[in-house]
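Shown next, in structure tokens, is the structure this report addresses.
The values are calculated or read from the model by the stated rules, or taken from the named source; none is laboratory data. Keep in mind that what you see is a predicted model, and the values were worked out from it rather than measured. Quick reminder, even Gly has a Cβ in these numbers, built from the backbone with ideal geometry, and neighbours come from all protein chains shown.
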Amino acid sequence: MRPRLLLCSLMLSLLAAACRRAPPPLVPTAARPPPVRLEFQPPVDRVLTETVRAIRVVERGGTSVREEAEATTETRFTPSEGGWLLAQVVPRSRLVRGGADAGTEVDTWVDNVLARFTLRVRLAADGTFVGLVSAESALEALRQVVPAGAPDLAVLERFFSPEALEARMRREWEAKYAGLFARNLMEGQRIWSVDVLPMGETQVAYVLERTVQGTRDTDYGDALVLTLRCLGTLPEGSPDELTDAWEAAGKPQLTPGVTCEGEQVVARGRFVPVSRELTVKATVAGESWTVTTQSRAQSLQEEAR
């Protein structure tokens, strides 16, 4: 009888152990995707050509007004002072008012100014925005184009002033790239920045939330994919990183009710902003505004010598 008692004790012990330890899953658990790392490595001796488009639709009382601005930009990166110098020109731009198919092209002073100066931005080695170089060149180009006494001169001088130009460029760069470089990014991870969009006489401010979706093969190699959405208020119990981004932007008054959606794709090898589209919607002074900005890389060609 003793051997049988020993056998029963052994079986009970095995059963007890089985109860304490979860059985192995019948279906293997999917492995979590490895982190994605994006280094800031701009293409040297190359010209990056992009198309940039902004579409604005304003609706009020059953009527709508549509404007579309489109430009071609050419960007070059040069190593400089331990970081990078970005130089960008706008060889072509235009403004169309009216319907998408039957709009009227409008001549503006802005188009002529953009064609006459080079935007120069100093970046740190890790892609952090440092500041503009020779920012006053925009005002010099403006005064070459717009005659003294022109009714729009004062407005344009404020728009192209060194301080306003640098503030816009810093905000635009950080809204797109702050928090992306030189760190491991996991699928589903969220990164925040603050952006401001002029709508009439009002500045619509919001937190831009970028969520890592993984990678995608593109004409410029493997690329990081982010989805975009807006926050018009700081959620209760916001993560420290979100609060820090809002405070670093100067704690702007966010616009309740603003919504947006979009996608951003950035190449992982050499830095190429493959594409970005963002549609922002807000109600301002009884008007419904929809602003869509789009950019897409068209080519990356060796610099002509």
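Taking Arg37 as the residue in question, decide whether it is within 30 Å of Leu153 (Cβ to Cβ) and either outside the structural domain of Thr290 (by TED's automatic domain parsing) or in contact with a helix residue (DSSP H, G or I) (Cβ under 6 Å, 6 or more places away or on another chain) (or both). It is false that Arg37 is within 30 Å of Leu153 (Cβ to Cβ) and either outside the structural domain of Thr290 (by TED's automatic domain parsing) or in contact with a helix residue (DSSP H, G or I) (Cβ under 6 Å, 6 or more places away or on another chain) (or both). Asp222 meets the conditions (1) surrounded by 13 or more Cβ atoms within 10 Å (Cβ to Cβ); (2) in contact with a strand residue (DSSP E or B) (Cβ under 8 Å, 6 or more places away or on another chain) in every case but one. The failed one is (1).
Within the group Pro235, Pro162, which residue is outside the structural domain of Gln264 (by TED's automatic domain parsing) and over 19 Å from the mean Cα position of the chain (by Cα)?
Numbers: Pro235 fails: outside the structural domain of Gln264 (by TED's automatic domain parsing).
After applying the criteria, what remains is Pro162.
I'd like to know if segment 204-212 contains one or more residues that are assigned to a strand (DSSP E or B) and of a type in the set (D, E, K, R). Yes - at least one qualifying residue is present in segment 204-212.
Listed by first and then second residue, the pairs with beta-carbon distance under 7 Å, at least 6 apart or on different chains, first residue in segment 154-168 and under 19 Å from Asn112 (Cβ atoms), second part of a helix (DSSP H, G or I) and charged (D, E, K, R), are Ala164/Arg158.
Is it fair to say Gly188 is assigned by TED's automatic domain parsing to the domain that holds Ser288 and part of a loop (DSSP other than H, G, I, E, B)?
yes
Within the set Ala102, Ala87, the sole residue that is outside the structural domain of Ser295 (by TED's automatic domain parsing), farther than 24 Å from Ala249 by Cβ, at pLDDT 95 or above and small (Gly, Ala, Ser) turns out to be Ala87. Any residue that is modelled with pLDDT under 95 and not hydroxyl-bearing (Ser, Thr, Tyr) - is there at least one of those in segment 262-269? Scanning segment 262-269, I find at least one residue that is modelled with pLDDT under 95 and not hydroxyl-bearing (Ser, Thr, Tyr), so the answer is yes. For the structure I just gave you, tell me whether Pro79 is modelled with pLDDT of 90 or more, closer than 19 Å to Arg116 by Cα and loosely packed, with under 14 Cβ neighbours inside 10 Å. Spelling it out, it is not the case that Pro79 is modelled with pLDDT of 90 or more, closer than 19 Å to Arg116 by Cα and loosely packed, with under 14 Cβ neighbours inside 10 Å. Restricting attention to segment 267-295, the residues that are within 26 Å of Pro235 (Cβ to Cβ) and either in contact with a Leu (Cβ under 7 Å, 6 or more places away or on another chain) or of a type in the set (Val, Ile, Thr) (or both) total 9. Just one residue in the set Pro24, Pro42 is at pLDDT 95 or above and part of a loop (DSSP other than H, G, I, E, B); that residue is Pro42.
Yes/no per residue for (1) at pLDDT below 95; (2) basic (Lys, Arg):
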residue: Arg120; (1), (2): no, yes
residue: Ala124; (1), (2): no, no
residue: Phe129; (1), (2): no, no
residue: Arg143; (1), (2): yes, yes
residue: Val146; (1), (2): yes, no
